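Okay, so here's the structure we're looking at.
The values are calculated or read from the model by the stated rules, or taken from the named source; none is laboratory data. Predicted model only: the values in this text are computed from it and were never measured. We place every Cβ from the backbone using ideal geometry, glycine too, and count neighbours over all the protein chains shown. The accessibility values were calculated without ligands, DNA or RNA, using every heavy atom of the protein model including side chains. Shrake-Rupley method; radii C 1.70, N 1.55, O 1.52, S 1.80 Å.
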Amino acid sequence: MAESTPAVSVVAAGLRAVCPRCGKGPLFRSGLVLRDKCNGCGLGYAFVDSGDGPAVFAIFILGFVILGGALIVEFRLHPPAWVHVVLWGILTPLAAFFLLRVLKATLIALQFKHKAEEGRLGLN
Ligand SMILES: [Zn+2]
């Protein structure tokens, strides 16, 4: 685990999907695939373990927003069913992709800031 204080806030690193230490190098190689290390400061991303956290948060947030949006559209505009299929069928995956990027980058920045790592017994 890296031993330095971050130069960028957790929120800024998450929103911009950049390195949690220097705030300059991009965090992802493509899509949601992490780089091996930061291009700016050389921080290795081997310590990263965001687990299922981003997906769980994205499910809760998107479930609330997309279902709420679908209900509002239905009761205000009364569109035919195909409009819902096309609208939410396109909007939901796009929103999930961008939300997952932001949430994954934010959780990685939080992990770096708080030096979170797997628990160990202090026996040796
Ligand atoms: Zn960096």
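Quick notes on this structure:
- Solvent-accessible surface of the stretch 27-70, taken per residue with a 1.4 Å probe and all protein chains present: 59 Å².
- Within the straight-line cut-off of under 20 Å between alpha carbons, the aspartates and glutamates reachable from Lys24 are Glu3, Asp36, sequence neighbours fewer than 8 places apart in one chain being disregarded.
- Taking Cα atoms only, the orientation of helix 81-113 departs from the longest principal axis of the chain by about 20 degrees.
- Stokes-Einstein D (µm²/s) once Rh is taken as the Kirkwood radius of the chain over alpha-carbon pairs, at 20 °C in 1.002 mPa s: 131
- Net length gained if the chain between Val86 and Val48 were fully extended (0.36 nm per residue, minus Cα distance): 10.0 nm
- Apolar share of the accessible surface for the chain: 66 percent from carbon plus sulfur atoms, 1.4 Å probe.
- Coarse-grained scattering of the stretch 65-124 at q = 0.13, 0.14, 0.21, 0.25 Å⁻¹, given as base-10 log I(q)/I(0) from a Debye sum over alpha-carbon atoms: -0.56, -0.60, -0.85, -0.99
- Dipole in debye (nearest 20) - the chain, about Cα centre, beta carbon charges: Lys, Arg +1; Asp, Glu -1: 400
- Cleavage-rule hits, chymotrypsin sites (Phe, Trp or Tyr not before Pro), the stretch 1-56, DSSP coil, Cβ neighbours within 10 Å at most 16: none
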